[in-house]
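The values are calculated or read from the model by the stated rules, or taken from the named source; none is laboratory data. Everything quoted here is computed from the prediction, not taken from an experiment. Here the Cβ positions follow ideal geometry from the backbone for every residue, glycine too, while neighbour counts run over all protein chains shown. Keep in mind that these areas ignore ligands, DNA and RNA; they rest on the heavy atoms of the full protein, side chains included. Shrake-Rupley method; radii C 1.70, N 1.55, O 1.52, S 1.80 Å.
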Amino acid sequence: MSKLIYSFEEGRSSDKGLLGGKGANLAEMTNIGLPVPAGFTITTQACIQYLEDTNFFNHHLKSDVLKAITDLEKKTQKSFDSEEGELLLVSVRSGAKFSMPGMMDTILNLGLNDQRVKKLAALTNLHFAYDCYRRLLQMFADVVYGLSKERFDVLLEKAEQELQKKVQDFSKEEHQALIEQYKKMYQSCHQHFPQEPKEQLFAAIKAVFASWNNPRAKVYRNLNDIPHDLGTAVNVQMMVFGNSDEHSGTGVVFTRNPATGEHQLFGEFLLNAQGEDVVAGIRTPEPIQSLAHTLPDAFRDFQEYAKILESHYKDMQDIEFTIERGKLFILQTRNGKRTAKASLKVALDMVDEGVINKKEAILRISPKLIDQLIHPIFDEEALQKAPLLATGLPASPGAASGEIVFTAEQAKRQHELGKKVILVRQETSPEDIEGMVVSQAIVTSHGGMTSHAAVVARGMGTCCVAGCGDLAISEEQKTVQCGKRLLHEGDVISVDGSTGNLYLGQIPTVVVENDHNLQRLLSWADDFAHLQVRANAETIQDLETAIKFSAKGIGLARTEHMFFGQERILEMRRLILAEKEEDSQAALRKLLTFQEEDFYQMFKTVGDRPLVVRLLDPPMHEFLPQDKAEIEQLAQKLNKSPHLIEQRVAQLLETNPMLGHRGCRLGITQPDIYKMQVEAILTSVIRLAKEGLQVKPEIMIPLIAEKSELDYLKDILTSYIQEIFEKQEMAPFPYEIGTMIELPRACLIADQLAAEADFFSFGTNDLTQMTYGFSRDDIGKFINHYKDKEIMPYDPFQTLDQYGVGELMRLAVSKARQVKPNLAIGVCGEVGGDPASIPFLQKIGVDYVSCSPYRVPAARLAVAQAELNSH
Ligand code: PEP
Ligand code: MG
C-alpha cells in the first residue's frame, strides 16, 4: 500500500495532487525554513479509498494516524491525550488539489475534553481555555454530526442574557454550565461528544473526507471545472492560539493589493482572535499596517517572511498568520486571488521587477479574466444623477443593477423567473454559493475585503460591495434601512463594485475604455501570436469596437443584418413580393443605393484591414411579416392585396428553414440579389479608390455543398464584376471570391472547393448544427439535460467538438492545402472566439479566427497562449 501520511518535512510543493494545495504548501514552507506549526498530511488517495469503502479507515489508515500523532507529540514536546506536559491540540483541515475556499470542513482545538480544558485554563487563562472548548463542541457537532451552529449560538445568547454578561466575563462554573448545555444539545440529537482525543481525531478526519462530497463543494467544483474524483487531503496540525492574550492575534494578508495590484501589503488582522473570526467577518478587523504599532516585532518578522514567500513562489501571496504570545507563525500561503485588474498589474509589475518574463506573464493571465476588464461601467452622466444610498468596501469591480433579494434561495427563485437580482446579506457563507452565482452583484453589511463574499465574488468576477456598515438589514422583515430610506425586497438598486457605492434605481452602463495595462499585455501577446484575430461585425459601431480592440480585420460581415432598418426592409419586401420584372428591378435599385453607402462606410472605417463581406444568407420568409396586422399594413404601403401577401408568405414558408432555401441556394434561384450586393461592394470600392484608399474586396458565398454551386455563382459574379469595371470605366483591380465551409460535405470535398475558391472560412455554427443534427436555435431546450446527465459536458456551439466537427475541419484544411498550399483559411463561427477551442484551431493550421468584437482581446491572449504552449 502506498504511503498514506506525510509529515510536513517529507512533503513537496509539487505533490499537490497527493497532498492537496494546502498540504503541499505547508510542506514547502516548512522546508524553506518558515515558522509553520508542525503537522502531517493524510493524502487525497486515502480520501478516495475511504469514500469508496469506509472500512478503509479502520483497516488501513487508523494505525498510521496513531503513529503520526505520536511522532507529532515527540516533535512538539507536547502531549495529545495524556495529562502530562504541555497540551497538544490540533486542527483538522481539508485541502484539495485546487483551492475551494470555505467549501469543505475544518475543526479546530481538537484534543480538548472536560479534564484537559482545566489544564489548558491553568496553563493559559480561563476564558481562553473554555472558549476553545466551547468552539470545539460547536464545530464538532456541525462537521461530524451536521448539527447546525445556530442551535449552539442560541444557547450562548440565552446564557449571556440570563447572566447579563458577555461570554468572556463568565466564571469557570458559568462556562462549565454552558458546556453542559452544549453536551445536552448533542444528547437531544442522539449524539455524543467523545472525550477521548484520539476518537475526536478519527471522527474529524472521516468527516473532512466526507465533506468532499457535500452539495456546496460539488456546486463549486462544477463552477470552476474541478473534477469530482480528486478527493481532499486532510491536514492535521498543531494549534497555535491567536486568542491567547493581547499579544496574540491572527490575520490574512496579501503581499499586494488584490483589488488594484498595488505593490503594498494589504490585509487585516484581529488581536486576540482565531482565524475564523477574520474570515467570517464577525468582528471588524484592523488594517495590517496598524500591527506595526501594536506588535512591532511580529510585524517586522511578517514583512520579511512575506518577501521570502513572494520571491519563492514568484507570485503574489495570500498569507494566513497567527501570533501566539508575540511569536509569529505562518499558517498558510497561496497565490492570492485577485481581480482581473490586479492580475494584470501584478503580472506586468513582476515582469518589470525581473521576477518573471513576458511569456510567463502572458501564460499567467486567464483569457476569461479579460472579460472583466472590458465589461461595462455605469454611464457617468446617469451616475451623477443617481441617488447615493450608501458606501461600502469596493470588494470586486464591475457595475450592475437589479432587484434586492435577501436570501440565496430567493436569488435562485427570482433568477429562474428571469429577474436580475442583487443579493444583499449581512455576510455570506459557503451555503449561499448557488444564490451568489445567479446574482448580478453581492452586497454585505459586515466583513472586510477578505470576507467570504469578497473572496468568492472576486473569483467569480461578480461585482461586490462588502462591509457596508450603513445598511441595517432585516431578513425577517425583508427590508434594508439605508440612512433615511427603507428599501424592500424587489426594489431596484445599482452597485458599483469599483467604488463601493450603492445607488437607488437602475443606472445604464457603458463600456470601459481600453485599459493601458491590457494593451501592454496584449501587445506582448501579439508578438508571440501566430494565428490572427479578426472580428465579426457589420455596423459601424461594432467595426469601431473591433478596431479599438486591435482586431486584424473583419472576418465576417453578415449582410442580412443590413436589411432590417424600416426603409430597407420595405424595399426587400417589395422585391420579394414583386409581380413584374420592373417592380423587382426598382426595388433592387433602391437596395443597391443603401448597400453602396453601407459598404462605403464599412470599408472606410476598417481602412487597409481586410474585410470579408458575406452575401445574403437567410431564407426569404424571414423578411416577411407573419401576423395579420403587419400584413395589412404592408399591403397598404405597397398597394397590394393582403391576400397576395399571405399567399406569398405561405409559399415561402419552409418546414426546415435551416436546411432550406438559404445561403447560396438563394443566390442560385435569385442571382439578382447577389449581383446587386456585388455591384454595391465594387462601386463603393471604386469610390474609395478615387478618394485614395485601395481596398481589395473579399466576397464570401455561404452554405456551399457542391463544387458546381460555387462554379455557377462564381461565373455569374465574375462576369458581372467585369461588366461593372467596364460600365464604370475602371481598370480591373484585384478582388477575391471565397466560400464558407459550413456543411460536412463541404469539408469532405474541400480539395475540389479549394481549386475554385480564393479563401475559406469555417462557419462552425452551421457546421456544428449539420454535423450533430442539433438545431442551433433549439439546443437550449436540451443541452442542460445533456450536461446534467453528463452526456455532453459542454455546448458544442460554444466550444468546438474537436472529435467530430473538429475532425471534419482538420480534414478540410489538409485537403484544401494539398491543392492550394497558401489558401487563406479562417474560422468565423462562435467557437473562433472561444479560448478553449483556439489551441485546436491553431493546431489544424487555420490562419485566423474571427469573433464578436468584445471577444477579440481574450482571443488575442488565447492565440498567444496556444502558440507558447505548443512548443
Ligand atoms: C456559421 O455558420 O458559423 C456562421 C458564421 O454563419 P451564421 O452564423 O451567420 O450562419
Ligand atoms: Mg452559417
Worksheet entry | residue 114 among the charged types (D, E, K, R), touching a residue at least 40 places away in the same chain (Cβ under 8 Å), in contact with a helix residue (DSSP H, G or I) (Cβ under 9 Å, 6 or more places away or on another chain) and open to solvent by 20 Å² or more (accessible area, probe 1.4 Å) | yes
Discussion item. Checking residue 601 against (1) in contact (Cβ under 8 Å) with a residue 24 or more places away in the chain; (2) surrounded by fewer than 20 Cβ atoms within 10 Å (Cβ to Cβ); (3) within 35 Å of the chain's Cα centre (by Cα); (4) farther than 30 Å from residue 385 by Cα, only one condition comes out false. Which one?
Written reply: (3)
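Scan the range 595-603 and tell me whether some residue there is of a type in the set (Asp, Glu) and outside any helix (DSSP H, G or I). Working first, answer last.
Let us first name the residues in the range 595-603 that are of a type in the set (Asp, Glu), namely 596-598.
Going one step further and asking which of them are outside any helix (DSSP H, G or I), we end up with none.
There is no residue in the range 595-603 that is of a type in the set (Asp, Glu) and outside any helix (DSSP H, G or I).
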Discussion item. Residue pairs, Cβ under 6 Å, 6 or more apart or interchain, first in the range 79-96 and in contact (Cβ under 8 Å) with a residue 24 or more places away in the chain and basic (Lys, Arg), second outside any strand (DSSP E or B) and open to solvent by less than 20 Å² (accessible area, probe 1.4 Å). List them.
Written reply: none
Practice prompt. State the number of residues belonging to the range 14-26 that are at pLDDT below 95 and crowded, with 18+ Cβ neighbours inside 10 Å.
Written response: 8
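Kindly provide the set of residues from the range 670-699 that are more than 27 Å from residue 581 (Cα to Cα) and open to solvent by less than 30 Å² (accessible area, probe 1.4 Å), ordered by number. Spell out how you get there, then give the answer.
So the first thing to find is which residues in the range 670-699 are more than 27 Å from residue 581 (Cα to Cα), and the list is 685-698.
Listed by number, the residues that qualify are 685, 686, 688, 689, 695, 697, 698.
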Worksheet, complete the sentence: Apart from one, (1) open to solvent by less than 70 Å² (accessible area, probe 1.4 Å); (2) over 25 Å from the mean Cα position of the chain (by Cα); (3) on the phi < 0 side of the Ramachandran plot all hold for residue 773; the odd one out is (3)
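So, residue 158, is that one in contact with a Leu (Cβ under 7 Å, 6 or more places away or on another chain), of a type in the set (Lys, Arg) and part of a helix (DSSP H, G or I) or not? Working first, answer last.
Details: in contact with a Leu (Cβ under 7 Å, 6 or more places away or on another chain): no; of a type in the set (Lys, Arg): yes; part of a helix (DSSP H, G or I): yes.
Criteria not met by residue 158.
Return the residues of the range 769-804 that are outside any loop (DSSP other than H, G, I, E, B) and within 14 Å of ligand 2 (Cβ to nearest atom); say none if nothing qualifies.
Here is the first cut: in the range 769-804, the ones outside any loop (DSSP other than H, G, I, E, B) are 769-772, 779-781, 783-788.
Those that are outside any loop (DSSP other than H, G, I, E, B) and within 14 Å of ligand 2 (Cβ to nearest atom): 769, 770, 771.
Residues to consider are 557, 551; find the one that is in contact (Cβ under 8 Å) with a residue 24 or more places away in the chain, away from ligand 2 (no atom under 16 Å from the Cβ) and buried (at least 20 other Cβ atoms within 10 Å of the Cβ).
On the way: 557 fails: away from ligand 2 (no atom under 16 Å from the Cβ).
Just one listed residue meets the conditions, 551.
Look at residue 766 and say whether it is of a type in the set (Asp, Glu) and part of a loop (DSSP other than H, G, I, E, B). Working first, answer last.
Values: of a type in the set (Asp, Glu): yes; part of a loop (DSSP other than H, G, I, E, B): no.
Taking the combined requirement at face value, the residue does not satisfy it.
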Response to the item:
The number of residues in the range 530-558 that are within 16 Å of ligand 1 (Cβ to nearest atom), more than 17 Å from residue 759 (Cβ to Cβ) and either polar (S, T, N, Q) or outside the structural domain of residue 738 (by the TED database) (or both) is 1
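For the range 706-757: of the residues being among the small types (Gly, Ala, Ser) and more than 38 Å from the chain's Cα centre (by Cα), which is nearest to ligand 1 (Cβ to nearest atom)? Lay out the reasoning, then the answer.
In the first step, residues of the range 706-757 are kept if they are among the small types (Gly, Ala, Ser); the result is 708, 719, 731, 738, 746, 750, 754-755, 757.
If we keep only those that are more than 38 Å from the chain's Cα centre (by Cα) too, we end up with 708, 719, 731, 754-755, 757.
On the way: 708: 21, 719: 27, 731: 34, 754: 19, 755: 23, 757: 16 Å.
Ranking the qualifying residues of the range 706-757, first place goes to 757.
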Worksheet, complete the sentence: Among 176, 200, the single one that is assigned to a helix (DSSP H, G or I), at pLDDT below 95 and surrounded by 12 or more Cβ atoms within 10 Å (Cβ to Cβ) is 176
